Amino acid sequence: MNRAVDVLLVGAGGIGHPAALGLAAAGTGSLLIVDDDQVELSNLHRQILFRDEDVGRSKPEALAGALSSRFPALAVTVLPGRILPDTALDRVSRARVVVDATDNFASRFLIADACRIAGVPVVHAAAVKWRATVIAVPAEGRPCYRCLFEDIPREDAPDCATAGVAGPVCGVAGALAADRAMRILAGDASAFGSIVTYDGRGDRLREVRVAARPGCPLCGEGRTITTITPDRYEAYDCS
Ligand SMILES: [Zn+2]
């Protein structure tokens, strides 16, 4: 398949900014940004490439503009609108690696499933309150995202959209995501098979190996998730 861009960045928010900055500064050739949100004043403390005058603008457009002005050699394109079940496979198939910098579980699982089905490696980066977590998943092989997190939480599990997050913790998550995406682009498989967590109050950065889960529906034998079925994600607000 023709991978038109080096990196698809899903989410132009607190993690997407440092991730994009790290990728661009490291020489990534092309970046596609997907997001449906608009810049708000309350975003500016952690979405570090936005300025006051960006308030009200499309986030992916404003982020693309900020990157282009700093890195003229970077080919940056934008697809406004959230990633949805009917577009996810198309979106992820465009890239050599996907960086998931979304802020909710439904989008994360949608991206995880779409990347596995399309055969694209993905780096999931999340930050809630003082904790960042980053996991890189190969295009094929094990373990995968669902080996670790199984399924969308049914109860009120905290995510960034509801629980808030410390800005510098987003920076760590984004930097770790960029590091892993660059390694994947370079053909280095060392980032796979572990989850990295950062505790911003305890100054702890930990890497823990992740075991493949027997019976995993996405990567195990007899896997059941082989297509994107919208109702798997739409029961939860995919925002
Ligand atoms: Zn799995």
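When peptides 170-180, 81-91 are sorted by average Cβ neighbour count within 10 Å, with the highest value leading, the order is 170-180, 81-91.
Inter-label distance, R206 to E234: 4.0 nm, where each label sits 7 Å from its Cα along the C-beta direction.
For the range 1-139, the normalised intensity computed at q = 0.10, 0.11, 0.14, 0.15 Å⁻¹ comes to -0.29, -0.35, -0.58, -0.67 (log10 of I(q)/I(0), Debye sum over alpha carbons, equal scatterers, no solvent).
Close amide H partners of Q38, meaning residues 5 or more places away or on another chain with modelled amide H under 5 Å apart, are K59.
Ranked by the mean number of other Cβ atoms within 10 Å of their residues, highest first, the peptides 39-45, 140-146, 125-131 fall in the order 125-131, 140-146, 39-45.
If R0 equals 30 Å, the separation of the Cβ atoms of D199 and H45 corresponds to a calculated FRET efficiency of about 0.90.
If you bin all the Cα-Cα distances of the range 82-216 at 10 Å, starting from zero, the percentages per bin are 13, 44, 37, 6, 0. Here's how it looks for T77: its modeled amide H is under 5 Å from those of L31, L32, I33, which are all 5 or more places away or on a different chain.
Rg over Rh for the chain works out to 0.93, using Cα positions for both radii and the Kirkwood form for Rh. Amide hydrogen proximity for F192: with H placed 1.01 Å from N in the peptide plane, no residue at 5 or more positions away or on another chain lies under 5 Å. Remark: the chain carries a charge dipole of roughly 740 debye about the Cα centre, counting +1 on each Lys and Arg Cβ and -1 on each Asp and Glu Cβ. Secondary structure note: in the chain, about 50% of the DSSP beta bridges are antiparallel. With everything on Cα atoms, drop me the angle between helix 105-118 and the longest principal axis of the chain, reported from 0 to 90° to the nearest 10. That works out to roughly 70 degrees. If the chain linking R3 and E221 were pulled fully straight, counting 0.36 nm for each residue of separation and taking away their Cα-Cα distance, it would gain 75.7 nm.
Values quoted throughout were computed directly from the atomic coordinates according to the rules given, and no laboratory measurement underlies them. Since the structure is predicted, the reported quantities are computational estimates derived from the model, not experimental observations. All Cβ positions, even for glycine, are placed from backbone atoms using ideal geometry, and neighbour counts span all protein chains on display.
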